[in-house]
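Worksheet: one structure, shown below.
The values are calculated or read from the model by the stated rules, or taken from the named source; none is laboratory data. In this text, all values refer to a predicted model and were calculated from it rather than measured experimentally. Cβ coordinates were reconstructed from backbone atoms using ideal geometry, including for glycine residues, and neighbour counts include every protein chain displayed. With ligands, DNA and RNA removed, areas are computed over all heavy atoms of the protein, side chains included. Shrake-Rupley method; radii C 1.70, N 1.55, O 1.52, S 1.80 Å.
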Amino acid sequence: PEILQRAKEILNKLGFNYSEVKERGLVINNTTLTNIFKHLGLTSGAFNKRTPNSLLVSSNKMVYAFLRGYFSGDGCITSNGRSYLIEATTVSQQLANDLLFLLLKLGIVASCNLKAEWSGSTSYRVQIFGADNFKRFSPAGFIDRKRNLMIQEYLTKVAWTRSNTIPVNPKIESLLNEAFVSYSKNRTMDIGSFL
């Protein structure tokens with residue numbers, strides 16, 4: 001309900017007409033909005049989704065606003081009682097890469113896992129773990145209060161934090177060997193000292 005209310009406020013402010021679908025969604029049929037999306041470089045089709053190029057060089061405030069909208073619509077926060085996970089899913093590999101870039105721009109190290117769907121397609125799950133990353137994600141957060149409270153609950157419970165690690169691929173391994181003459185053959189590296 002909070003997401004629908006916020007969407008209605010924005011659409012009313014912009015003067016766009018919409019119709020509500022059983023309190024679960026909104027339908028917007030508007031040529032002007034379609035032209036704006038095209039101008040931003042957005043194309044139709046779930047597999048073709050990308051972030052607007054301008055967002056990749058926008059202010060952090062704009063990036064937070066975009067992530068808040070995206071994660072509120074296509075994301076979740078879950079807990080197994082011990083650890084928490086923020087996740088957003090897409091079938092567009094390019095959008096998943098764009099989301100990873102935007103998160104990294106804010107100092108948030110996320111991972112992307114693949115999942116085979118019942119339809120035969122592959123979904124890309126952009127996942128955020130760890131207290132430091134949750135703190136950095138908090139300014140974006142979610143539109144709804146419930147999921148933001150889960151972030152705060154996790155941050156008050158956590159007793160220790162783990163450094164972020166990233167997978168070491170052949171290109172990174174080559175750069176590490178150049179920089180440090182000989183780098184151990186680890187599959188991941190701690191990036192805490194680089195941030």
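Computed from backbone phi, the HN-Hα couplings of the stretch 64-75 come to 4, 4, 4, 4, 4, x, 5, 5, 5, x, 10, x Hz, rounded to whole numbers (Karplus: 6.51 cos²θ - 1.76 cosθ + 1.60, θ = phi - 60°; Gly and Pro given as x). If Lys and Arg each add +1 and Asp and Glu each add -1, what is the summed charge of the other residues whose beta carbon sits under 13 Å from the beta carbon of E87? Net local charge, E87 excluded: +2. Oblate is the label for the stretch 108-149, because a/c, from the alpha-carbon gyration tensor with a ≥ b ≥ c as root eigenvalues, is 1.5 or above and a/b does not exceed b/c. Applying 0.36 nm per residue to the separation of F47 and Y18 and subtracting their alpha-carbon distance, the gain on full extension is 7.9 nm. The separation of the stretch 1-77 from the stretch 81-126, counted between C-alpha centres, amounts to 19 Å. Largest first, the residues R125, R145 sort by 1.4 Å accessible area into R145, R125.
Per atom type, the stretch 11-127 shows carbon and sulfur on 53% of its accessible surface, probed at 1.4 Å.
Backbone amide hydrogens, once placed in the peptide plane, bring L26 within less than 5 Å of V21, excluding anything fewer than 5 places away on its chain. Distances between placed amide hydrogens fall under 5 Å for G130 paired with Y84, all partners being 5 or more residues away or on another chain. The amide H of F142, built 1.01 Å from its N in the peptide plane, has N148 as neighbours under 5 Å, considering only residues 5 or more places off or on other chains. Given R0 = 35 Å, the distance between the Cβ atoms of W118 and N97 translates into a calculated FRET efficiency of 0.90. With θ taken as phi - 60° and the Karplus curve 6.51 cos²θ - 1.76 cosθ + 1.60 applied, the whole-hertz 3J(HN,Hα) list for the stretch 37-54 is 4, 5, 4, 6, x, 7, 10, 7, x, 4, 6, 9, 4, 8, 7, x, 4, 4 Hz, x standing for glycine and proline.
Extension gain for T32 to E153 (0.36 nm times residue separation, less C-alpha to C-alpha distance): 39.4 nm. Taking a Cβ cut-off of under 13 Å around A110, the surrounding Lys, Arg, Asp and Glu residues balance to a net charge of 0, with basic ones at +1 and acidic ones at -1. Whole-Hz Karplus values for the stretch 140-152 come out as 7, x, 10, 5, 8, 5, 4, 6, 5, 5, 5, 4, 5 Hz, taken residue by residue from phi with 6.51 cos²θ - 1.76 cosθ + 1.60 and θ = phi - 60°; glycine and proline positions read x.
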